[in-house]
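Worksheet: the structure to be examined is printed underneath.
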Amino acid sequence: MGWAGPVTHRQFQAWELWYHDLRWQETTPEHYYLAQIAKEAACSDLKASDKRKVKTERFLLKFSRARKGQTKSPAEVAAEARKAHMSLFPAGSVTIVRKKPEEVEGGS
């Protein structure tokens with residue numbers, strides 16, 4: 001806290017809040033590593049030329065404190081997640097094929 005001496009409970013709580021906020025705002029090497037893993041998982045079906053277009057920074061999570069009245073409903077959050085997920089893939093690069101279990105090798 002800047003001085004040698006006892007710290008009061010209130011000072012400790014203020015320091016804890018400051019430190020907690022600081023830790024959420026910094027981006028560490030672990031965050032980049034996890035973002036690379038997420039990118040590889042999301043882009044596993046894409047061609048190599050399309051994979052290069054997707055930036056790892058898109059998978060870094062941004063944390064901030066929500067202010068009163070700024071929180072989003074679960075439906076809004078789900079809609080944003082769907083939009084972000086679909087914008088990841090270039091148009092026409094993903095084809096979803098549904099097969100019956102009997103048509104899949106080893107299916108029962």
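The values are calculated or read from the model by the stated rules, or taken from the named source; none is laboratory data. Keep in mind that what you see is a predicted model, and the values were worked out from it rather than measured. Don't worry about glycine lacking a Cβ; one is built from the backbone with ideal geometry, like all the others, and counts go over all protein chains shown.
In the condition set (1) modelled with pLDDT under 75; (2) hydroxyl-bearing (Ser, Thr, Tyr); (3) under 30 Å from residue 17 (Cα atoms), residue 32 is compliant with all but (1). Within segment 45-68, residues that are surrounded by 13 or more Cβ atoms within 10 Å (Cβ to Cβ) have Cβ atoms under 6 Å from residues that are assigned to a loop (DSSP other than H, G, I, E, B) and at pLDDT 80 or above in these pairs: 51/43; 54/43, counting only partners at least 6 apart in sequence or on another chain.
For residue 64, the conditions (1) closer than 29 Å to residue 30 by Cβ; (2) at pLDDT 70 or above are fulfilled apart from (2).
Residues in segment 29-44 that are surrounded by fewer than 10 Cβ atoms within 10 Å (Cβ to Cβ) and over 14 Å from the mean Cα position of the chain (by Cα): 29, 44.
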